[in-house]
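**Q** First the structure, then my questions, so here it is.
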Number of protein chains: 2
Amino acid sequence: MARDPWMHVNVVESPSRGRSTLVLSIAGSDSVGGAGIQADLKTFAAHGCYGTSALTALTAQNTMGVQGIHRCPSEFVAKQINSVLDDLDVRAIKTGMLYDAETAKTVVDTLKSCFSPSGIPPLVCDPVCVSTSGHTLLHEDALEILMSELFPLSTLITPNKAEAELLLSKMGPEFLIGSLDDMLTAAERLISVGCKAVLLKGGHITARMEDVFATQTKSPDVKVNKQNLPGENMEILLVGSPNYDTLDLVVDVLYQRDGQKTMFVRPRIESSSTHGTGCTLSSAIAAQLAKGTPLEAAVEKAVLYTNAGIQTAFLIGKGHGPLNHFHNLRDSFIPRTREIWKEYVEHDFVRQLGKGTLDRACFVHFVRQDYLYLKYYARAYGLLAAKSTSFVLIESSTQTILNVLHEIGNHKAFCAKFGVTADELENTPESAATTAYGAYILDTGLQGDTTKLLMALMACLLGYGEVGLWLKKQAASPNSWVVLDGNPYQHWIDDYAGEIYQAAVRIGLETIESCAEADPPSEARLSDWTKVWARCTRLEKGFWDMAMQLGE
Amino acid sequence: MARDPWMHVNVVESPSRGRSTLVLSIAGSDSVGGAGIQADLKTFAAHGCYGTSALTALTAQNTMGVQGIHRCPSEFVAKQINSVLDDLDVRAIKTGMLYDAETAKTVVDTLKSCFSPSGIPPLVCDPVCVSTSGHTLLHEDALEILMSELFPLSTLITPNKAEAELLLSKMGPEFLIGSLDDMLTAAERLISVGCKAVLLKGGHITARMEDVFATQTKSPDVKVNKQNLPGENMEILLVGSPNYDTLDLVVDVLYQRDGQKTMFVRPRIESSSTHGTGCTLSSAIAAQLAKGTPLEAAVEKAVLYTNAGIQTAFLIGKGHGPLNHFHNLRDSFIPRTREIWKEYVEHDFVRQLGKGTLDRACFVHFVRQDYLYLKYYARAYGLLAAKSTSFVLIESSTQTILNVLHEIGNHKAFCAKFGVTADELENTPESAATTAYGAYILDTGLQGDTTKLLMALMACLLGYGEVGLWLKKQAASPNSWVVLDGNPYQHWIDDYAGEIYQAAVRIGLETIESCAEADPPSEARLSDWTKVWARCTRLEKGFWDMAMQLGE
């Protein structure tokens, strides 16, 4: 391409330039644009893939139902597939609505004619049978073709409860899926049909965490994937929601031919914006597989993408509206730091503090270093105020400085109680862990914009809130190891679990959310935030290591 | 929607939430995904609109050509349109391939049955007749329906040369379009068919700037829109390209029923990635109209979007590949600052400098203030180095500081020549305009990230380069008002027009480009950059005002 004068200022090249990943959808058309190839193409695009399509049937439909279906001649279905595959290097294929036996057979034969048996790219088969509104999208006579010919070519099939029950009815006596155990049984039976893996979707079965544990007790070889749950020690994120243990969950079961079984657990979302959920999920998996993501990770990411699409859907139409395929979610940043976050929140320092057994010298050392750290922290909010472009942020930064000044009052009082004078406190030699953490935050503020600085400040704010909540929760369980009565550190626990501190946490979260909403981060920026978050969590953990070792 | 625990960390809500703009495409399907409803849906999505579709015909095609067409029954076309319009509040409609007379008639009748004559939303009719590869996409008998029934409903029709010639052949004797003048004539005739406006696309006619001027001389009522050209005083952006005046251009002609005529001028791009260009342009215009953009601005933005799609296309397929619909271009920032940029570059200070008539006292005042400004400027690069996370940026920032130190050597030499001692220079009282500009750059660096700071620094770097080039170019034209020989300021002009300075400009542009590529800006961020750029340009102009007035 000639270097064009525009290039300099107007055009930011796509990072995917020159290396686009191609995906093919063989499915129906949805006039309202939320399901079928429309959902697939939108989903491929949202994953940075280039989408192609072969139409099997057209539907005239809207959010209230299906008003009509027009079948494409099967030879024309073959023609479309051939046009795409003759020309392009497709990295994954997704099949959706195949309508009838003749079409299904044509799709199978065409794919077989285009690829050698081992040369077929990852194939995700969504056995679409009935629309959400109850319209038949697959004639019964096609089921046998799917099972005997298409499934054996498939990397993954993605039936929901009704589709799985229908498929199973062709294999033996009626089997109704009512529980997680039933799901495992059903998936095991379905895999015998010959596909490499089954993802049995659990959207129509409500479960609780106790059900997941019960199933795992019965079948210890089943892995539980909770990456799409807020996670342990993330109670802080459950603001306004019921307790984590009593949350309604959706569990999807992935059963692989090598015997690996995984339950994907996620919170249930109540929404009417579910038109095309199945199409979206299967095409998101296909896009992930096209990009080389391993199957389990592909499912995990696709579920996250689909759920975010439901959560951020705009309400359109009079019935079940479509998802938002173009939300700004590219990745989540906290889950990646899960292990280090747990090491931090459940640190031995915290446990001993909860038991009341923490060495007094360690606690005093901690408070003195925290006093020094809070000077950096207050300065960082000063820097945030200096970097602000709105009075709102100037005010909230300033308010936080005032809160810190209140907090150091507590530190002084603690120290006085433990025999450390104000002068000794002020002249405490600074530990390297304190300098590392404090200076890191200020350096982050110097380097980046206000959001990056906020991200560094949040790990600290949220972490202490989480520790407070975790100890309070442990204390509330029967025969708890946490002792509040007579615990010399009870005041500290009360402070961080208390409403004033938790309210500050909520404001912090809302600030970050609104920043990200006003200026949606690129992939590079999100990855940068993740690094900042992980780094701060590690520095927090290092701070408690230092306290336990009375480190310099 | 229930507040979900995920919301806090994982999901960044789309800014379009709750207020999505709906667009309907009535067109064919392209299996390879670069034209037809596939291009339309991708384009709508890229504009933040929600896309719906009614299929008129399916094509089996790839980048090498069309292998087959399957016509949808016209009653099913009507059904799809009704499904969408019965349920959704569509804000614009685009029609593409309508295939034959019966389909075209059905589309017209269905639209008329859904809307009152005055209630139809903006309708963009792309009279698709023949594919790039020469396949007939519209039967000849449909032309009359288009002209007599669909065009009168249309806000805009978007024929290319071949389509316009075909349409004109139905209205009278053959008329071949070979020049800009012919385009104006053809557009004038086409508008008589009854649409509100004609956009006659000029992709098949090559023009030069002199042709545009010649046409404008003949028809002074024709407006020339050059927003998509680098523009006057933007020679600095033409790095590696031929001279601006000898650039091959594409001119699109917009003819509105009220008599307004506009020629949209843009550089021609040589590319094989042009599959679906027409579909993309017309759906981009529809998306803009749906969002309420006035027609001329809608065309201007859609042309920019489409061209960027060609420029950033990845090469797929063996023939004419598709555009990249999801480049990161959301808006361009320099065109918006066009007027202030011109005031700055063509400032009276610059003109007098070129003539050699600039008052010596003004120039000395300028150099002394610039000396003080350069201290801020060098410090800003020091801050950039401090904010850097890579040695590459640390090195380039440092190198720039060294260049500035070299530049102040010139300032000292100038001053000495004009009788100002080193001591006097160093103790020059600082003008407010100098403080404003210098401190603004440092403040921008404190507030934002490295890219924002770079943006502030670029206006200065590019501006002086542009002034140098502009004066050199003026000097080269016959009977120029610029006098280089014996001009007391020739050294200054030579410095900024010279290769060393221009090389620095190129490096600056490349740095900005690579930053934006690595971390594509959101709309909010791009708008922020525009503000910084405009502000700096204004401060630069203020600097020269100050110099002319010997201001304090």
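**Q** Please report how far the C-alpha centroid of region A:483-550 lies from that of region A:190-206, rounded to the nearest whole angstrom.
**A** 39 Å
**Q** Could you tell me what fraction of 2.2 N^0.38 Å the Cα radius of gyration of the protein assembly as shown comes to, as a two-decimal ratio?
**A** Computed over Cα atoms of the protein assembly as shown, the ratio equals 1.05.
**Q** Between region B:75-139 and region A:448-475, what is the separation of their alpha carbon centroids in Å?
**A** 55 Å
**Q** Place the label 7 angstrom along Cα→C-beta at B:Ala518 and in each other copy, then list the distances from the first to the rest in nm, shortest first.
**A** Spacings between copies for this position, smallest first, are 2.6 nm.
**Q** Starting from the Cα of A:Lys342, draw a straight line to each of the lysines and keep only those under 21 Å, dropping any in the same chain fewer than 8 residues away.
**A** A:Lys223, A:Lys226, A:Lys355, A:Lys472, A:Lys473, A:Lys531, A:Lys541
**Q** A further question follows. Rounded to two decimals, what is the ratio between the C-alpha radius of gyration of region A:24-163 and 2.2 N^0.38 Å?
**A** 0.97
**Q** Follow-up question, since we're still on this one. One decimal, nm, shortest first: give the distances between the label point of B:Arg379 and those of the same position in the other copies, each label point 7 Å from Cα along Cα→Cβ.
**A** Those separations, rounded to one decimal, come out as 2.0 nm.
**Q** Counting partner chain Cβ atoms within 10 Å of every residue's Cβ in B:265-273, what's the average?
**A** Mean partner shielding for this stretch: 2.
**Q** Hey, another quick one. What distance in nm lies between label points placed 7 Å from Cα along the C-beta direction at B:Glu510 and A:Asn403?
**A** 4.7 nm
**Q** Another one. If packing is taken as the average count of other Cβ atoms within 10 Å, what order do B:410-419, A:92-101, A:253-262 fall into, highest mean first?
**A** Ranked by mean Cβ neighbours within 10 Å, highest first: A:92-101, A:253-262, B:410-419.
**Q** Another question, then. Select from chain A the helices, each a whole stretch of DSSP H, whose alpha-carbon atoms run 18 Å or more along the helix axis and whose Kyte-Doolittle mean is at least 0.0; answer none if there are none.
**A** For chain A, where a helix must reach 18 Å along its axis and average at least 0.0, the hits are A:101-114, A:277-290, A:295-311, A:360-387, A:391-417, A:432-447, A:450-476, A:499-518.
**Q** Count, for each residue of A:25-32, the Cβ atoms from other chains sitting within 10 Å of its Cβ, then give me the mean as a whole number.
**A** Rounded to a whole number, the mean comes out at 5.
**Q** By the gyration tensor of its Cα atoms, with a ≥ b ≥ c the square roots of the eigenvalues, what is the shape of region B:292-411: rounded for a/c under 1.5, prolate for a/b over b/c, or oblate?
**A** Oblate, because a/c is 1.5 or more while a/b does not exceed b/c.
**Q** To continue, here is another question. What ranking, highest mean first, results for peptides A:475-481, A:67-73 when packing means the other Cβ atoms within 10 Å averaged over each residue?
**A** Top to bottom by mean Cβ count within 10 Å: A:67-73, A:475-481.
**Q** In addition: Please average, across the residues of B:307-315, the number of beta carbons from any other chain that are within 10 Å of each residue's own beta carbon, and give a whole number.
**A** The shielding value for this peptide is 6.
**Q** Could the peptides B:306-316, B:519-529, A:215-225, A:134-144 be put in order, highest first, of the mean number of other beta-carbon atoms found within 10 Å of their residues?
**A** Packing proxy ranking, top to bottom: B:306-316, B:519-529, A:134-144, A:215-225.
**Q** Next up: Let me know the Rg and Dmax you get for region B:432-547 when you use only its Cα atoms, in Å.
**A** Rg and Dmax of region B:432-547, Cα atoms, are 16.3, 50 Å.
**Q** Hey, any idea what Rg/Rh is for region A:147-296, computing Rh the Kirkwood way over Cα pairs?
**A** My calculation of the ratio gives 0.97.
**Q** Taking square-rooted eigenvalues a ≥ b ≥ c of the alpha carbon gyration tensor, is region A:86-146 rounded, prolate or oblate, where a/c under 1.5 means rounded and, failing that, a/b exceeding b/c means prolate?
**A** prolate
**Q** From the cross-link list B:Lys301/B:Lys452; A:Lys375/B:Lys452; A:Lys161/A:Lys291; B:Lys42/B:Lys94; A:Lys42/A:Lys94; A:Lys79/A:Lys112, which pairs have alpha carbons spaced over 18 Å apart?
**A** B:Lys301/B:Lys452; A:Lys375/B:Lys452; A:Lys161/A:Lys291
**Q** Still on this structure, I have one more. Applying 1/(1 + (r/R0)^6) with R0 = 51 Å to the Cβ-Cβ distance of A:Asp89 and A:Thr246, what FRET efficiency is obtained, to the nearest 0.05?
**A** Plugging the Cβ-Cβ distance into 1/(1 + (r/R0)^6) gives 0.55.
**Q** With the crude spin-label approximation of a point 7 Å out along Cα→Cβ, what separation in nm comes out for B:Val224 versus B:Val483?
**A** Going from the B:Val224 label point to the B:Val483 one covers 3.0 nm.
**Q** For region A:337-548, what's the radius of gyration and Dmax over Cα atoms, in angstrom?
**A** Here Rg and the maximum Cα pair distance are 17.2, 51 Å.
**Q** Further, regarding this structure: Given +1 on the Cβ of Lys and Arg, -1 on the Cβ of Asp and Glu, and no further charges, what dipole in debye does region A:337-548 carry about its Cα centre, rounded to the nearest 20?
**A** Computed charge dipole of region A:337-548: roughly 240 debye.
**Q** Can you list, shortest first and in nm, the gaps between the label point of A:Asp485 and those of its counterparts in the other copies, using a point 7 Å from Cα in the C-beta direction?
**A** Label-point separations across copies, in nm and ascending: 10.5.
**Q** More than 43 angstrom separation, counting every C-alpha pair in chain B; what % is that?
**A** Here the tail beyond 43 Å accounts for 32 percent of pairs.
**Q** Something else: How many angstrom lie between the C-alpha centres of region A:140-178 and region B:273-307?
**A** Their Cα centres are 45 Å away from one another.
**Q** I need the Debye-formula profile for region A:386-478: one equal scatterer per C-alpha, no solvent, reported as log10 I(q)/I(0) at q = 0.11, 0.18, 0.26 1/Å, two decimals.
**A** -0.48, -1.11, -1.29
**Q** Please sort by residue number the GluC sites (Glu not before Pro) in region A:150-180 whose DSSP state is loop and whose Cβ has at most 12 other Cβ atoms within 10 Å.
**A** A:Glu174
**Q** Roughly speaking, what is the stretch gain from B:Asn427 to B:Phe175, that is 0.36 nm per residue apart minus the C-alpha to C-alpha distance, in nm to one decimal?
**A** Residue separation times 0.36 nm, minus the Cα-Cα distance, leaves 83.4 nm.
**Q** Something else: Quick one: give the max-minus-min coordinate of the C-alpha atoms of region A:266-327 along each principal axis, largest first, in Å.
**A** Each principal axis gives a Cα extent; for region A:266-327 these are 38, 21, 17 Å.
**Q** Please work out which residue of chain B brings its Cβ closest to the axis of the rotation superposing B onto A, and round that distance to whole Å.
**A** Minimum Cβ distance to the axis, with residue: B:Asp449, 2.
**Q** Only counting other Cβ atoms within 10 Å, I'd like B:Glu510, B:Glu517, A:Glu270 sorted with the fewest neighbours first.
**A** Lowest count first: A:Glu270, B:Glu510, B:Glu517.
**Q** Restricting to DSSP H runs of at least four residues, report the calculated mean residue ellipticity at 222 nm for the protein assembly as shown, -39500 (n - 2.57) per run over all residues, nearest 500 deg cm²/dmol.
**A** Rounded to the nearest 500, it is -16500 deg cm²/dmol.
**Q** Taking a ≥ b ≥ c as the square roots of the Cα gyration tensor eigenvalues, with a/c under 1.5 meaning rounded and otherwise prolate when a/b beats b/c, else oblate, which class fits region A:467-515?
**A** In terms of gyration-tensor shape, prolate.
Bear in mind these aren't lab numbers, they're just calculated from the coordinates by the rules spelled out. Keep in mind that this is a model prediction, so the values were computed, not measured. Using ideal geometry, Cβ is built from the backbone for each residue, glycine included, and neighbour counts are taken over all protein chains shown.
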